[in-house]
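Chemist: Just dropping this structure here.
The values are calculated or read from the model by the stated rules, or taken from the named source; none is laboratory data. Predicted model only: the values in this text are computed from it and were never measured. Quick reminder, even Gly has a Cβ in these numbers, built from the backbone with ideal geometry, and neighbours come from all protein chains shown. Accessible surface is based on the protein model in full, side chains and every heavy atom, while ligands, DNA and RNA are left aside. Shrake-Rupley method; radii C 1.70, N 1.55, O 1.52, S 1.80 Å.
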Amino acid sequence: MKEMQNRTFSEVVSEIIASTDELASISKNSETEKEMFTELALVLEKIPPIFNDLRDCDKIMDTPTIRKAVESLEKEIKRAKCSIKVHNQKVKHVESIAHDLGRSLGLVLFATVEVSTQFKTKIGELHKELMKMKFDENCSPTSTSSRTTEFICDLRVEEIEEERNSIKACDIALHLKYGKDDEFKRAVVGLKELIQSKNVDDGWLNEEGIVSILLNRLGCNKFINRPIIIQVLRCLVWNNPANKEMMADVGSLSTLVKSLAGDEEERREVVGLLLELCDLVNVRRRLGRIQGCIVMLVSILKGDDQIASYDARKLLNVLSGNTQNVLYMAEAGYFKPMVQHLIEGSDMNKILMATGLSRMEHTEQSKASLGEEGVIEPLVQMFRTEKLEAKLSALSALQSLSGLKENIQRLISSGIVVSLLQLLFSVTSVLMTLREPAAAILAKISESESILTNYDVALQMLSLLNLSSPIIQNHLLQALNNIAANPSALEVRKKMVESGAIQLLFPFLMEDNAKVKSGALKLLYTLSKDAPEELEESHICVILNIISSTDCKSERVSAVGILSNVPVTQKKITDLLRKANLVPILISIMNSSTSKSDVFASLSSESVAGLLVRFTNPFDRKLQLHSVEQGVIPLLVKLLSSESHVAQSKAAISLAQLSQNSLSLSKSRTSRWLCVPPSKDSICEVHGRQCFIKRTFCLVKADAIRPMIEILEGKESEVDEAVLSALTTLLEDEICDNGSNYVVKMSGVQAILKVLGSGHIDSQQKALWILERIFRIEEHRVKYGETAWSVLVDLSQKGDSSLKSTIAKLLVRLELFQFQHSQYL
């Protein structure tokens with residue numbers, strides 16, 4: 001036979017049909033008790049026609065749950081065949097075979113309950129017929145042989161013939177009450193048989209307190225076979241529904257609930273029992289209050305045991321009639337009943353659900369599950385009702401769920417944005433309490449790019465700023481910052497500036513509320529990137545005051561960023577910043593940063609580096625000297641190693657601007673009369689004269705070249721052009737040889753060749769200019785010529801056409817230009 005996992009569903013069903021036919025044939029041809037086996041065979045012959053229908057619907061019916069149940073039935077049929085082949089079967093053995101087959105059919109019934117009503121009806125009738133099958137004891141032949149007993153022991157440990165015969169009804173209660181584990185186990189097995197054979201008197205059960213005894217023993221952790229106790233309790237319920245009352249008190253239910261944490265078989269049995277007990281109103285009312293009950297039921301619902309999961313779902317649905325239970329389910333991660341109440345429940349129930357939802361601590365997973373279950377739409381509908389309490393509870397719940405991207409999109413799709421803005425514009429006093437959660441939701445919704453399709457949203461929020469409390473202002477500023485910071489929001493930013501946003505925002509910089517002040521600064525920073533001309537001298541003074549006085553990192557970062565957005569060409573602003581002695585403050589800000597990877601550190605480095613470009617203007621030597629004397633060069637060298645490419649690029653630009661004046665400054669110092677000859681260490685390798693960081697702005701003395709080369713060697717190319725610009729200042733005509741030798745000494749040639757292979761055209765042009773100067777020296781042509789040749793030829797074939805002329809000149813200089821010019825260009 002094929003392996004289980006390799007068989008098709010149709011093959012499994014076919015195997016059951018064939019095995020059942022064979023089992024019926026064996027039963028008919030039995031040499032003993034023909035009447036009893038003939039009756040069994042007549043029932044078995046009803047199975048194949050039903051399963052023929054199941055085989056014909058294999059595409060619909062082949063689910064993991066149904067397959068598992070059908071394969072279980074297949075195993076039971078094979079056990080029955082083996083058992084019947086053994087001679088001298090007793091009546092009880094044949095009854096046991098029938099009942100076992102009936103139980104297996106019951107599993108198939110459970111598995112197909114939601115798939116096929118017609119199949120369910122047929123299987124249900126056959127299941128009942130097998131479970132009720134009973135034969136006359138007088139038909140029983142002699143006792144079972146030892147071979148039979150040994151075989152049955154392998155099939156059903158708990159139904160060994162000796163155990164069933166050794167315990168009489170009068171002894172069961174005694175062993176249940178006082179027996180040791182083995183005795184108790186045999187007594188439970190015997191009791192189960194008595195119940196199944198309808199030989200248990202209800203009066204005896206009550207008089208002996210059998211249910212209490214079983215529940216007490218179930219509460220004992222030492223007993224190793226707990227599932228059989230629960231099976232017996234279930235049998236008692238099936239035998240007489242009135243027995244449910246004996247298990248309906250809180251103590252009994254608490255004992256049963258503990259079994260929900262047991263092994264797979266125990267969990268399956270106890271869930272089934274609790275489901276049956278929930279017919280009673282008292283049980284439904286009490287069960288949800290028992291600590292851990294609903295949490296464990298939800299866990300079972302989500303588990304791998306399909307039968308237990310199915311029963312747990314049914315039990316939870318029964319318990320969901322109680323709103324408190326529904327809240328417990330939601331806290332445990334089962335949200336379907338809560339969503340159902342929000343859709344179909346009474347107004348009060350909806351409010352209870354929404355309020356409970358707003359008070360829960362949600363994980364990203366729970367927010368996602370609630371969104372997928374469809375909770376957003378009914379909450380939005382609640383918000384649109386006229387009842388204040390419903391509006392408030394719905395908004396609070398939506399606020400708690402709005403932190404998830406998918407839920408934000410669902411909120412936008414629901415059309416709630418317009419309603420929220422209308423609420424914020426409302427002056428009705430009873431609605432004022434709703435404005436805070438409404439603003440908070442808008443702040444979250446604004447994280448989605450979808451909101452950019454409506455420019456008016458941002459403008460309406462701007463107009464609300466002066467009409468709101470600080471808390472609402474903070475939410476609105478969060479929303480406006482989210483919108484403005486989006487790379488696709490250029491048009492929105494323009495309209496905000498045109499609407500007077502910058503003028504509107506500056507008064508908020510005087511606010512005592514730190515969050516409002518910080519939010520306004522951040523928005524001003526973003527808007528001033530596109531409209532720096534809107535910044536007036538009075539605005540700059542306010543910003544300078546913030547930079548010099550605040551201890552808040554975010555405020556300082558935004559304030560410095562605003563100043564870095566002001567065009568360098570505005571000399572009046574430069575003079576104002578210089579008089580404010582800003583450079584030492586900027587250096588202090590950067591020196592106080594403790595971590596390169598810190599978000600504020602990265603933003604600070606970008607803003608500070610951008611602002612220092614103004615203070616290193618090559619056409620204003622006095623300003624350069626002022627900045628260098630404050631210690632700007634070591635800071636710029638430090639910024640070359642920043643995590644931010646923007647900061648690296650700005651720092652390289654500033655260093656290049658300073659280096660443009662190094663040669664002339666070194667000349668002017670040499671021309672002065674010196675009392676003492678200069679020391680050897682003070683002579684610069686490139687400039688050939690005395691150089692100092694603070695006097696000649698020399699990059700060599702500042703140790704700036706090595707980190708620049710490392711940038712060129714890196715994978716990112718955004719900074720290449722700025723670094724190459726700085727290197728060109730070392731290769732001016734008068735110092736070209738010295739500069740070339742120094743770049744080679746710093747292992748710069750390989751890094752520059754790398755830029756040729758992967759850089760932007762502007763970077764490639766600067767790299768070619770530098771290489772042309774370096775290769776004027778024969779020693780360098782010999783050392784790097786062959787490597788440069790292949791790179792240059794490849795660039796001439798694949799690079800921009802504007803580079804070809806310069807490449808050709810370089811190849812000629814390398815004296816490796818062996819082929820016709822047109823062949824490579």
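Chemist: Select one label from (1) 1.22; (2) 0.97; (3) 1.00: the one whose number is Rg/Rh (Cα atoms, Kirkwood Rh) as derived from the coordinates shown.
Modeler: Looking at Rg/Rh (Cα atoms, Kirkwood Rh) for this model, the match is (1).
Chemist: Let me ask something else. If I model region 469-616 as equal point scatterers sitting on the Cα atoms and use the Debye formula, what is log10 I(q)/I(0) at q = 0.13, 0.19 Å⁻¹?
Modeler: -0.56, -1.22
Chemist: Using only Cα atoms, tell me the angle between helix 761-774 and the longest principal axis of the chain; keep it within 0 to 90° and round to the nearest 10.
Modeler: The helix 761-774 is inclined about 50 degrees to the chain.
Chemist: More than 19 Å apart: what percent of Cα pairs in region 397-464 qualify?
Modeler: 28
Chemist: Farthest toward the dipole's positive end in region 165-319, which of 210, 247, 312, given Cβ charges of +1 (Lys, Arg) and -1 (Asp, Glu) about the Cα centre?
Modeler: Working it through, the farthest residue towards the positive pole turns out to be 312.
Chemist: While we're looking at this one, here's another question. Order of 345-357, 327-339 by packing, highest average Cβ count within 10 Å first?
Modeler: 327-339, 345-357
Chemist: Rank 740, 452, 24 by how far each Cα sits towards the positive end of the charge dipole of the chain (+1 on Lys, Arg Cβ; -1 on Asp, Glu Cβ) and give me just the farthest.
Modeler: 740
Chemist: Relative to the compact globular guide of 2.2 N^0.38 Å, what is the alpha carbon radius of gyration of region 325-424, as a ratio?
Modeler: Region 325-424 yields a ratio of 0.97.
Chemist: If packing is taken as the average count of other Cβ atoms within 10 Å, what order do 175-183, 283-291, 424-432, 658-666 fall into, highest mean first?
Modeler: Result, highest mean Cβ count within 10 Å first: 658-666, 283-291, 175-183, 424-432.
Chemist: A further question follows. Using a 1.4 angstrom probe, figure out how much accessible area the chain has per residue, in square angstrom, rounded to the nearest whole.
Modeler: 47
Chemist: Size of the dipole of region 414-533 about the Cα centre, Lys and Arg at +1 and Asp and Glu at -1 on the beta carbon, nothing else charged, in debye to 20?
Modeler: 140
Chemist: Continuing with the same structure: Please report, in Å, the Rg and the Dmax of region 349-396, where both are computed over Cα atoms only.
Modeler: Here Rg and the maximum Cα pair distance are 10.6, 32 Å.
Chemist: Net charge within 12 Å of residue 320 by Cβ-Cβ distance, Lys/Arg positive one each and Asp/Glu negative one each, not counting residue 320 itself?
Modeler: With Lys, Arg at +1 and Asp, Glu at -1, the net is +3.
Chemist: Which angle from 0 to 90°, rounded to the nearest 10, does the C-alpha axis of helix 388-401 make with the longest principal axis of the chain?
Modeler: The helix 388-401 is inclined about 70 degrees to the chain.
Chemist: If a/c stays under 1.5 just call it rounded; otherwise compare a/b with b/c (prolate if a/b is bigger, oblate if not). Do that for region 414-533, with a ≥ b ≥ c from the square roots of the Cα gyration tensor eigenvalues.
Modeler: Because a/c hits 1.5 or more and a/b fails to exceed b/c, region 414-533 counts as oblate.
Chemist: I would also like to ask the following. Take the cross-link list 68/198; 75/302; 571/766; 46/132; 78/134 and give me the ones stretching past 19 Å between alpha-carbons.
Modeler: Checking Cα-Cα distances, 68/198; 75/302; 571/766; 78/134 exceed 19 Å.
Chemist: So what's the back-of-envelope 222 nm ellipticity for the chain, counting only DSSP H runs of four-plus at -39500 (n - 2.57) apiece and dividing by all residues, rounded to 500?
Modeler: -21000 deg cm²/dmol
Chemist: For the chain, find the longest principal axis of its Cα atoms and tell me its angle to the long axis of helix 455-464, 0 to 90°, nearest 10.
Modeler: Roughly 80 degrees between the two axes.
Chemist: Carbon and sulfur: what percent of the chain's accessible surface (1.4 Å probe)?
Modeler: 49
Chemist: Explain nothing, just the number: dipole magnitude of the chain about its Cα centre with +1 on each Lys and Arg Cβ and -1 on each Asp and Glu Cβ, in debye rounded to the nearest 20.
Modeler: Here the size comes out at about 2820 debye.
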